Amino acid sequence: MTSPTPLQRYIFRIAFALVGIGATVIASTLEPLTTYFGIALENGGLFTGAFFIGGTLGIFIGGNLLDRTMSRRVSVSGAGIFGIFLFLMILIPAHLAIIGFICVVCIGFGYGFLVISGNGLAPRYNPQNPARELSAINFFFGLGAIIGPQIANIAFTMGDFRLMYLIVGTLAIVSAATFMYMPSIAPVQKSETAVKVVWVSLIPFGVMFFMYVGVEMGFSAWISPQLTLAALADASTGAVGISLFWTGMTLGRLLTSVIAGKIASETVLLGGMGLVGVGVLGVLIFPTTVGMLLVFSFIVGFGCAPIFPLGMAILNSRYTQGFGAISGAIIAVGNSGAVVLPALQGWAGRGLDGGMIVSLMAIIIALACALVAMRKPQAQVTS
């Protein structure tokens, strides 16, 4: 297997910031997007759902491809699909909402390829300390997610939210060229004795990721409407709320990358979930106070920081062979939460707030599943 040089590794991490920007591209433009297509805001979760339906398919298919083909094909294809369909979003007339939904699904598909190419390859780049490498690429994911809402603000200032799709689409094409510079990593060779995963042993992980990813995407999608609808803040303040969430996550992942290997991954993951619960509860207690909502948005993002990368690192420590398919399946299940929970939050909010009670219930369930998953010994296999 050809390993990347240190320079190539950093270039890959920086390019992975595109995934963070991509995670916010629909959430940051949710209100003008629904208005453009004549859809009620409370049904705006259908757009985030469409994005993550595509993302789920992309992650599942991309994860299986990483175990069967050279990695560069997945990375370059993902960035190309992502960029092309963002360009197409600019051209869709307002009366063709169904075409808009289909296009968003395709954008999500490219996003899914990018997510799995980063999280599937990181452990192979640094097999001695996969938690640190996963935290590092997700740190750049957070940087991208901070930048994303600010790109949306530029588009709002220019008077057309679709300008964001043009800017991010261009960045995606540039990233596709960047991924061509990366060495193409071959799949991990299988041993002569076939290893079969007992998938039922991964159910606690699956439910945990389902709930957690739903909270991450649901909170980041609906904190802006919480600010603008319940607290009567302006659209720019709503975008600041999203940026503070991702700022908290980015700083948290920087800290996670530093302490990885020094404190048990299980301990940090559970602590992060507890902090998320505190932050979401704070939003429910102070639903109309702008300053408090901004503070709790940061806290929730900071608490979210270690959950995904350390959860993946724990999985990688239990499974090496077939990790592409396993991580693809688990992340796909997690992305299903990003389809379901944001839509539920929209309905719970009824166009009046962000429906944050859904996030609180979901993180409680995720914490319960994490406690079960962390107490399990190494995941079972059969040969």
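Taking K and R as +1 and D and E as -1, what net charge do the other residues with C-beta under 15 Å from the C-beta of L86 add up to? Residues near L86 contribute 0 overall. Near A260, no amide H atom lies under 5 Å from its own; only residues 5 or more places off or on other chains count, and H is placed 1.01 Å from N. Contact order for the chain, expressed relative to its length and based on alpha carbon pairs under 8 Å spaced 6+ residues apart, stands at 27 percent. Rounded to the nearest 10 degrees, what's the angle between the helix 130-158 long axis and the longest principal axis of the chain, both from Cα atoms, 0 to 90? The answer is roughly 20 degrees. Solvent-free Debye calculation, one equal scatterer per alpha-carbon of region 210-265: log10 I(q)/I(0) at 0.22, 0.24, 0.25 Å⁻¹ equals -0.84, -0.91, -0.94. The residues neighbouring E31, those whose beta-carbon lies less than 15 Å from its own, together hold a net charge of -3 under the Lys/Arg +1, Asp/Glu -1 convention. Working note: 222 nm ellipticity from helices only, DSSP H runs with n ≥ 4, each -39,500 (n - 2.57), summed and divided by the residues of the chain, gives -25500 deg cm²/dmol to the nearest 500. Assuming R0 = 51 Å, what is the FRET efficiency of V174 and A368, from their Cβ-Cβ distance, to the nearest 0.05? Efficiency, from the Cβ-Cβ distance: 0.75.
Helix 163-181 and the longest principal axis of the C-alpha atoms of the chain enclose an angle of approximately 10°. Between A94 and T288, the distance separating the two model label sites (each 7 Å from Cα on the Cα→Cβ line) works out to 3.2 nm.
Estimated from the Cβ-Cβ distance and a Förster radius of 41 angstrom, the FRET efficiency linking V258 and T157 is about 0.65.
Applying a 10 Å radius around every beta-carbon, put 19-28, 238-247 in order of their mean neighbour count, most first. List each step's numbers first, then the result.
On the way: 19-28: 27.5, 238-247: 25.1.
The peptides rank, most packed first, as 19-28, 238-247.
Label positions at W199 and S317, each projected 7 Å from the Cα along the C-beta direction, are separated by 2.6 nm.
Considering the chain at the alpha-carbon level, its Rg and Dmax are found to be 19.4, 63 Å.
Using unit Cβ charges (K, R positive; D, E negative) and no other charged atoms, how large, in debye to the nearest 20, is the dipole of the chain about its Cα centre?
Details: 16 positive and 10 negative charges, 214 e Å.
My answer is approximately 1020 debye.
Rounded to the nearest 10 degrees, the inclination of helix 203-225 to the longest alpha-carbon principal axis of the chain is 30 degrees.
Only the coordinates and a few stated rules stand behind these numbers; no lab work does. Note that the coordinates shown come from a computational prediction; the quantities given were computed from them, not determined experimentally. FYI the Cβ positions are ideal-geometry reconstructions off the backbone, even for glycines, and counts take in every protein chain you see.
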